[in-house]
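To start, the structure itself, in structure tokens.
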Amino acid sequence: MRLSNTFVKTLREAPKDETARNGALLVRAGYIHKEMAGIYDYLPLGLRVIENIKEIVRQELNKIGCEELLLTALQNPEPWEKTGRFSEKEVDVWFKTELASGGTLGLAPTHEEPITSLMKNYISSYKDLPRYVYQFQTKFRNELRAKSGILRGREFLMKDLYSFHATEEDLDSFYKEVEKAYMKIFEHLSLGDSTLEVFASGGMFSKYSHEFQTILPVGEDTIYYNKNRTVALNKEVLNEETMKDLGVKRDELEETSAAEVGNIFKLKLKYSEPLNLKFVDQDNVQKDVYMGCYGIGISRLMGVIAEKFADDKGLVWPEAVAPFKYYLVGIGEAGTRRAEELYQENQDAILYDDRDVRTGEKFADAELMGIPYRIVISDKSLEAGSLEITDRKTGDTKLVKTLD
Ligand code: ATP
Ligand code: MG
């Protein structure tokens, strides 16, 4: 991408009403645009980050046999009425709208009801099980407070996976596979060291669910974990019973703020029963389908990564999610000519700052945008037959002959 070619501009100041650091930095660096509280546009650079995060998630889910689909955001009230969740009493974040031809529709805050209904068309026998389906979908939630930048959107991108099983044992074993896949995902995102699997409330159907919480000062959640991080739980289950179940004492637990980046839940028969999703078993008996659901906050993750690694000069993207690996600046006539060539040879990896602005401004934008490596080609570096590469994270500079 050539910077001269994009409409995006970096800003000296963030919008006044953007109090969250992730939001302020992402707006200033040209990754997102704020429409109103909790409502953002993703600009070309931001979209590339989102796509990189999605791809990492997709790879790991496909490895454990999951299939990708895309459900509609518009919700027929029918299945939601069957589970009682179309009412604001049950789900207080609904956005609803009217059909021109009459009748109310919802904008999906989540997709358990429609996916369970959909699967009735495809699951009828034990031979149709197990099945694992997921999507990357826009969710709509009328969140009361949306002051955390893209950590809490009123419209946001979620990866939601749903699993369908003949037995509870099968659900249990797939749940364990998802736990492992999630930790791999967070490792690929450079959040492996700071993300803990945390015991959380399981609702009425399961004693516990699990959340994946990234330790972060501005995180909205409070979690507790022991010294070697083998046990972690969230505030809602911090009680005598849970501590006994997990074999820990209160004084062994440290408190920290964290952001929930994902969660996994054994739904068991919670949705299959009211929505009548059944199958016929080998012994010809009709049974309810066991279900699990597994979420990851894709846009929240972008905000968490932005927030976690930023420094006083701006964003610092880990290479795996960065929109481009290199930020290229040519200085002087020969330097600019060589920069142009290098860009032609590596267009996918390079954000080429070919704008007619001062070099100092280019360097400041390279830092604000957080591109992992800055390449400078000048007459001086050319004399040495090389490119000067500076690591955004460490500030270390070295001369190299070619890009790897
Ligand atoms: P929270 O407690 O943060 O509101 P939740 O329990 O409502 O989250 P789920 O409904 O299980 O979350 O959604 C799955 C994932 O989607 C969460 O783990 C989180 O990463 C993300 N998520 C939830 N709400 C939002 C939001 N308003 N904006 C951005 N991401 C969100
Ligand atoms: Mg919520």
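The values are calculated or read from the model by the stated rules, or taken from the named source; none is laboratory data. Just so it is clear, the model here is predicted, and its values are computed rather than measured. When we count neighbours, we look across all protein chains shown, and the Cβ atoms used for this are built from the backbone with ideal geometry, even at glycine. Accessible surface areas use protein heavy atoms only, side chains included; no ligands, DNA or RNA. Shrake-Rupley method; radii C 1.70, N 1.55, O 1.52, S 1.80 Å.
Observations, loosely collected:
- Accessible surface for the range 326-400, divided over its residues, is 49 Å² per residue with a 1.4 Å probe.
- With the simple spin-label model, which puts each label point 7 Å out from Cα in the Cβ direction, the Ala320 to His33 separation comes to 3.1 nm.
- Between the range 1-73 and the range 157-187, the alpha-carbon center distance in angstrom: 26
- Using the Cβ of Ala349 as centre and a radius below 11 Å, the other residues enclosed give a net charge of -3, where K and R count +1 and D and E count -1.
- The distance between label points at Leu99 and Glu179 comes to 4.3 nm (points 7 Å beyond Cα on the Cα→Cβ vector).
- Per residue, the range 86-244 exposes 48 Å² of solvent-accessible protein surface, assessed with a 1.4 angstrom probe and all protein chains in place.
- Links that overshoot a 24 Å alpha carbon limit, given the list Lys89/Lys278; Lys159/Lys308; Lys184/Lys227: Lys89/Lys278
- Taking each residue as 0.36 nm, the span from Asp92 to Thr402 lengthens on full extension beyond its C-alpha to C-alpha distance by 106.0 nm.
- Rounded percent of accessible protein surface that carbon and sulfur make up, the range 326-400, 1.4 Å probe: 46
- Surface composition of the range 21-309: carbon and sulfur atoms hold 48% of the protein heavy-atom accessible area at a 1.4 Å probe.
- Rounded to whole Hz, the Karplus (6.51, -1.76, 1.60) HN-Hα couplings of the range 162-170, x for glycine and proline: 10, 10, 10, 9, 7, 9, 5, 4, 5
- Residue-level accessible surface for Ser190, protein heavy atoms, 1.4 Å, Å²: 60
- Placing unit charges on the Cβ atoms only, positive for Lys and Arg and negative for Asp and Glu, gives the chain a dipole magnitude near 400 debye about its Cα centre.
- Length gained on full extension, Arg337 to Glu383, computed as 0.36 nm times the residue gap minus the Cα-Cα distance: 15.2 nm.
- Karplus-derived HN-Hα couplings along the range 383-400 (A = 6.51, B = -1.76, C = 1.60, θ = phi - 60°), whole Hz, x at Gly and Pro: 4, 7, x, 8, 10, 9, 10, 10, 7, 4, 6, 9, x, 5, 10, 9, 9, 10
- The range 326-400 - share of DSSP beta bridges that are antiparallel (%, nearest 5): 50
- Measuring between alpha carbons in the structure, the pairs from Lys63/Lys139; Lys16/Lys147; Lys120/Lys268 lying more than 18 angstrom apart are Lys63/Lys139.
- For Lys401, net neighbour charge (Lys/Arg +1, Asp/Glu -1) across residues whose Cβ lies under 15 Å away: -3
- Charged-residue dipole, Cβ positions (Lys, Arg, Asp, Glu), the range 326-400 about Cα centre, Debye nearest 20: 220
- Global dimensions of the range 1-62 from alpha-carbon coordinates: Rg and Dmax equal 13.5, 42 Å.
- The Lys393 and Leu269 beta-carbon pair, evaluated with R₀ = 56 Å, returns a calculated FRET efficiency of approximately 0.70.
- All aspartates and glutamates inside 18 Å of Lys9 as judged from Cα atoms, apart from same-chain residues fewer than 8 positions distant: Glu18, Glu35, Asp41, Asp353, Asp354, Asp356, Glu361, Asp365, Glu367
- The range 1-154 shape via C-alpha gyration tensor axes, a/c threshold 1.5: oblate
- Residues of the range 113-134 with amide N under 17 Å of a point placed 7 Å along Cα→Cβ from Glu168: none
- Modelled spin-label separation between Glu345 and Val280, with each label point placed 7 Å from Cα along the Cα-to-Cβ direction: 6.6 nm.
- Sequence-distant contacts, meaning Cα pairs under 8 Å at least 6 residues apart, place the relative contact order of the chain at 17 percent.
- With distances taken between every two different alpha-carbon atoms, the range 326-400 has a Kirkwood hydrodynamic radius of 12.2 Å.
- Legend: calculated FRET efficiency, Leu144 to Asn76, from the Cβ-Cβ distance at R0 = 22 Å, rounded to 0.05, equals 0.25.
- Set the Cα radius of gyration of the range 21-309 against 2.2 N^0.38 Å, with N its number of residues, and you get 1.02.
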